[in-house]
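Working notes, structure below.
The values are calculated or read from the model by the stated rules, or taken from the named source; none is laboratory data. Source: prediction; values computed, not measured. Cβ atoms come from the backbone with ideal geometry, glycine included; neighbour counts cover every protein chain shown.
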Protein chains: 2
Amino acid sequence: MTTSQTTTSTEGRDLILTRMIDAPPEKVFKAWTDPALLKQWFAPLPWTIATVETDVRPGGSSLIVMRSPEGAEFPNRGVYLEVVKNQRIVFTDAYTAAWEPSEKPFMTAIMTFEEAGGKTKYTARARHWTEADREAHEKMGFHVGWAICAEQLAELVGRI
Amino acid sequence: MTTSQTTTSTEGRDLILTRMIDAPPEKVFKAWTDPALLKQWFAPLPWTIATVETDVRPGGSSLIVMRSPEGAEFPNRGVYLEVVKNQRIVFTDAYTAAWEPSEKPFMTAIMTFEEAGGKTKYTARARHWTEADREAHEKMGFHVGWAICAEQLAELVGRI
């Protein structure tokens, strides 16, 4: 899928989103790690984020509770595997805390923020354990959902 | 299972082995991380280790190829998630490299080496994603196999 600025694609078990963001990597990293900022862009409106907790270090936990327009809440728990400040964040839902296996390892998310003349080349890669899970994620609306979020992220970092 | 010195037990999705080892944690950590040493104790004889590669840091890969008495080779790939020198090593087979999902996330191994008056309280915990996997691991011979390896480890660190 390609909007004017966001491209999503499929590569084996991976779903990939790329976008140039008109702000430096520091701001994009901050929007990914500061709960107050993450809350403002991480759900595709009219979905919202009810709760965010981020302990941004390898082995640290994250909790993001998404809220549907009808008010139903969906908690997402994960663990950070790798954090390179302003450059890269890797986390997975295979653990709910260090090192508590989750009910189902579904994906590992690899976010990279590359500096490009004051802007950021933003790549979000959702890597699944199986192709079936990658397909399920597509059916859940990855391409549209993540693209909306990327637009919301770009809009937010443009004004912080 | 309890031999004179090694105890193994089951706790939900976990299989646990404990043993006092008559050497300081530094030596036990070394036997877990130095390929030349790991090779000497990690397979329950008459099984042996054909190859060992260890990149001991969060996100580093490990490869241990076990060889059956008949000469068949069984490669085990994993990734280190947490390393605290001389104290603690956590690794999983959910990834074959950082961050390549493996075919099947089976377990996370949590090794702790606690100093106890010049000796080491050694705890090896195999934490599985499901109880079915824990049971399968028991049927594969966890209790006897890991106990033999712990004896071999204790014997080795007593003379290095």
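Some notes on this structure:
- Criterion: surrounded by fewer than 21 Cβ atoms within 10 Å (Cβ to Cβ) and at negative phi - qualifying residue of B:Arg134, B:Arg159: B:Arg159
- Filter pass, A:Arg77 being under 26 Å from B:Val79 (Cβ atoms), in a loop (DSSP other than H, G, I, E, B) and basic (Lys, Arg): no
- Going through (1) more than 17 Å from B:Thr123 (Cα to Cα); (2) within 14 Å of another protein chain (Cβ to nearest Cβ) one by one, B:Leu63 falls short only on (2).
- Unique match (being under 24 Å from A:Asp133 (Cβ atoms) and either modelled with pLDDT of 95 or more or out of contact with any helix residue (DSSP H, G or I) (no Cβ under 6 Å at 6 or more places or on another chain) (or both)) among A:Thr18, A:Thr51: A:Thr18
- Residue list for region B:74-83, filter: touching a Phe, Trp or Tyr at 6+ places or on another chain (Cβ under 6 Å) and either surrounded by fewer than 19 Cβ atoms within 10 Å (Cβ to Cβ) or more than 10 Å from every other protein chain (Cβ to nearest Cβ) (or both): B:Gly78, B:Tyr80
- The single condition among (1) more than 9 Å from chain B (Cβ to nearest Cβ); (2) farther than 19 Å from A:Thr8 by Cβ; (3) of a type in the set (Lys, Arg) that A:Lys104 does not satisfy is (1).
- Taken over region B:122-157, the criterion of being out of contact with any helix residue (DSSP H, G or I) (no Cβ under 8 Å at 6 or more places or on another chain), in contact (Cβ under 8 Å) with a residue 60 or more places away in the chain and among the aliphatic types (A, V, I, L, M) is satisfied by B:Val144, B:Ala147, B:Ile148, B:Ala150, B:Ala154.
- Extreme residue, farthest from B:Gly71 (Cα to Cα), among residues of region B:11-51 that are crowded, with 16+ Cβ neighbours inside 10 Å and among the small types (Gly, Ala, Ser): B:Ala23
- Subset of region A:86-120 [part of a loop (DSSP other than H, G, I, E, B), over 16 Å from A:Gly59 (Cβ atoms) and in contact with a Ser or Thr (Cβ under 9 Å, 6 or more places away or on another chain)]: A:Gln87, A:Glu103, A:Pro105, A:Phe106
- Residue within region B:26-41 that is away from chain A (no Cβ under 14 Å) and either touching a Lys or Arg at 6+ places or on another chain (Cβ under 7 Å) or closer than 30 Å to A:Gly12 by Cβ (or both) present: yes
- Any hit, region A:103-121, residues being surrounded by 13 or more Cβ atoms within 10 Å (Cβ to Cβ), of a type in the set (Ser, Thr, Tyr), touching a helix residue (DSSP H, G or I) at 6+ places or on another chain (Cβ under 6 Å) and at pLDDT 95 or above: yes
- Selected residue (criterion: nearest to B:Trp32 (Cα to Cα)) from residues of region B:90-100 that are buried (at least 23 other Cβ atoms within 10 Å of the Cβ) and of a type outside the set (Val, Ile, Thr): B:Phe91
- Verdict on B:Pro46 being within 13 Å of chain A (Cβ to nearest Cβ) and part of a loop (DSSP other than H, G, I, E, B): no
- Test: residue in region A:112-120 that is over 21 Å from B:Phe91 (Cβ atoms) and within 14 Å of chain B (Cβ to nearest Cβ): yes
- Any hit, region B:19-36, residues being closer than 17 Å to B:Val144 by Cα and assigned to a helix (DSSP H, G or I): no
- Enumeration of residues in region B:9-37 that are touching a strand residue (DSSP E or B) at 6+ places or on another chain (Cβ under 7 Å) and aliphatic (A, V, I, L, M): B:Leu15, B:Ile16, B:Leu17, B:Met20, B:Ile21, B:Ala23, B:Val28
- Apart from one condition, B:Ile160 fits all of (1) of a type outside the set (Lys, Arg); (2) part of a loop (DSSP other than H, G, I, E, B); (3) within 11 Å of chain A (Cβ to nearest Cβ); (4) in contact (Cβ under 8 Å) with a residue 12 or more places away in the chain; the exception is (3).
- Filtered residue count, region A:84-99, keeping only those that are more than 8 Å from chain B (Cβ to nearest Cβ) and of a type outside the set (Phe, Trp, Tyr): 9
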